[in-house]
Amino acid sequence: MADIRFLMENRVKELREAAGLTQTDLADRIGVTWQTISRIENAHTRIMPKHEKNLARELKVDPGALYSGDRQPPRQDPPSNASPPVPIPHITGTIPMLGSGVAGLDGKFVLNGNRIMDVLCPPQLAGVPDAYGVFVHGGSMEPRYHPGEAVFVNPHLPVRQTDYVVVQIAEEDESQDMAGYVKRFVSMNSRELVLEQYQPREDAPDDVPEAERFTMRFDRKRVVAVHKIVGSGIV
């Protein structure tokens, strides 16, 4: 579940093999599955802050040595709304469309850094580094956004109440890919992120208050990115 902001190569496999450890050995020592170690080594998931220190300890290196090149590891503090993604190289005059997977409940899709295609850059994003787009899944945001429509993101702009956003959420099971949603931003504090959609939630119990049927809440610790949508269209 690669983080669109922290999709980076790492040296975990190199360091693990140098230490004479198997993926299972290392997984047992830091309390995860061997599948999680495999996904970290293949850059399919970021190194979560809570695992970074343990990995460094077991591999007998400083945390910064877990990463390739001169890139720095993710900050330990929660990401801000406007944290930029890792630069994604693309053809001049285009931006990458990210995401993959079949839509889940309420427009959920896989947002793991996978690049689907390049499209012409919208005028409002010309010259904006790290701009990207995603496709809308499902009808939860109709009539504002429709299934298959492309939305375009400027990850550097601050997010305010009522802005439309692309959010990236870490699954509770860290072996799974991160989830993406296109929603309307309501609020975010140290405890939770609150979003809203225009159609009732598909998983909303019958006995919830009417307003909650259009509201999504996520534990703040699971929020990876909240990026502002600045345009949309058909590509």
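The values are calculated or read from the model by the stated rules, or taken from the named source; none is laboratory data. Model, not experiment: these values are computed from the prediction. Cβ: placed from backbone, ideal geometry, glycine included. Neighbour counts: every protein chain shown.
Key figures
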| quantity | calculated |
| --- | --- |
| Sole residue being closer than 19 Å to Ser140 by Cα, touching a residue at least 60 places away in the same chain (Cβ under 8 Å) and in contact with a His (Cβ under 8 Å, 6 or more places away or on another chain), chosen from Val226, Val167, Val159 | Val167 |
| Residue check for Gly133: of a type in the set (Gly, Ala, Ser), modelled with pLDDT of 90 or more and crowded, with 20+ Cβ neighbours inside 10 Å | yes |
| Matching option when the condition is in contact with a Pro (Cβ under 8 Å, 6 or more places away or on another chain), in the same structural domain as Asp203 (by TED's automatic domain parsing) and under 16 Å from Met97 (Cα atoms), among Pro147, Pro155 | Pro155 |
| Flag if Val128 is assigned by TED's automatic domain parsing to the domain that holds Gly99, under 30 Å from Pro49 (Cβ atoms) and in contact (Cβ under 8 Å) with a residue 60 or more places away in the chain | no |
| Flag if Lys221 is within 15 Å of the chain's Cα centre (by Cα), surrounded by fewer than 20 Cβ atoms within 10 Å (Cβ to Cβ), within 28 Å of Met48 (Cα to Cα) and not acidic (Asp, Glu) | yes |
| Residue count, the stretch 1-11 (criterion: touching a helix residue (DSSP H, G or I) at 6+ places or on another chain (Cβ under 9 Å) and either surrounded by fewer than 20 Cβ atoms within 10 Å (Cβ to Cβ) or at pLDDT 90 or above (or both)) | 1 |
| Criterion: within 15 Å of the chain's Cα centre (by Cα) and touching a residue at least 12 places away in the same chain (Cβ under 8 Å) - qualifying residue of Glu172, Glu142 | Glu172 |
| Test: residue in the stretch 214-221 that is in contact (Cβ under 8 Å) with a residue 40 or more places away in the chain and polar (S, T, N, Q) | no |
| Index of the failed condition, Asp28 passing every other in (1) surrounded by 14 or more Cβ atoms within 10 Å (Cβ to Cβ); (2) out of contact with any Gly (no Cβ under 7 Å at 6 or more places or on another chain); (3) modelled with pLDDT under 70 | (3) |
| Qualifying positions in the stretch 165-199 - more than 14 Å from Thr215 (Cβ to Cβ) and crowded, with 19+ Cβ neighbours inside 10 Å | Val165, Val166, Gln168, Ile169, Ala170, Glu174, Asp177, Met178, Ala179, Gly180, Val182 |
